[in-house]
Amino acid sequence: MKILILSPYPGGLLSALSDFGDEYAVLSGPITPQDCTDGDFDFLVSYGYRFILKNDVLRLFPRKAINLHISLLPCCRGAHPVFWSILERKPLGITIHLLDEGLDTGNILFQRVTPLSLSQDESFASLYRKQRDAIELLFEHSWKYLRTGECSGWKQQGAPTEHRSRQLNDWLDLLPQQWDTPIANFCEKAGISHPLLAYP
């Protein structure tokens, strides 16, 4: 198979593809249907991709276009999901879902709650790295099932939350070290409970 990976950081996905002898190409910018047909791709994987794909691209990959998202969907759709999971005190999780024209709204294929284990100096950056490690491992374990495109998954359940990149601007004053800001410091300044105190 030939896989189109849309990602700024695809490295953690490549060993799973190599195990099956799959070829791949990586793009991180906007794509067109012509890019997909010229590349003769069989499957599309989106991971940290910053552009919403339109139906003229998605229709080329029926049940073979997936997204890797580091939240427990339908909570924290869109940008900066780990940040919003902490701020909104939602359980951390990871989700692999089918792509549709919505913002992280497609049927869920694989999903896991990730353990919350934060040290006092845990930063947003280190927690994002843990979440990325977790979803890359989930992808590695599930690729043999995903690549067939046989599963339609299940509809997302529960009340969704959704965020755009610009919404982070309201919180930048509380992130003096940007993503290296310790989560405990942010929670104190934001007047919210530390996540370990908010839920077990």
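The values are calculated or read from the model by the stated rules, or taken from the named source; none is laboratory data. No experiment lies behind these values; they were computed from the predicted model shown. In this analysis, Cβ positions are derived from the backbone assuming ideal geometry, glycine residues included, and neighbour counts consider all displayed protein chains. These accessible areas exclude ligands, DNA and RNA; they are computed on the full protein's heavy atoms, side chains included. Shrake-Rupley method; radii C 1.70, N 1.55, O 1.52, S 1.80 Å.
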Single residue of I66, I52 found to be farther than 19 Å from G158 by Cα, surrounded by 22 or more Cβ atoms within 10 Å (Cβ to Cβ) and in contact (Cβ under 8 Å) with a residue 24 or more places away in the chain: I66
Residue match in the stretch 1-12 (condition: surrounded by 20 or more Cβ atoms within 10 Å (Cβ to Cβ) and either among the basic types (K, R) or more than 17 Å from the chain's Cα centre (by Cα) (or both)): yes
Scope the stretch 80-102; condition open to solvent by 20 Å² or more (accessible area, probe 1.4 Å) and assigned to a loop (DSSP other than H, G, I, E, B); matching residues: H80, E88, R89, K90, P91, L99, D100, E101, G102
Subset of the stretch 29-41 (residues that are within 23 Å of the chain's Cα centre (by Cα) and open to solvent by 70 Å² or more (accessible area, probe 1.4 Å)): P30
Elements of type helices (runs of 4 or more DSSP H) contained in the stretch 105-200, each with 1 or more residues being touching a Cys at 6+ places or on another chain (Cβ under 8 Å): 124-146, 195-198
Pairs where the first residue, in the stretch 11-31, is under 24 Å from I52 (Cβ atoms) and among the polar types (S, T, N, Q) and the second is assigned to a loop (DSSP other than H, G, I, E, B) and at pLDDT 95 or above, C-beta under 6 Å, 6+ apart: S28/P8
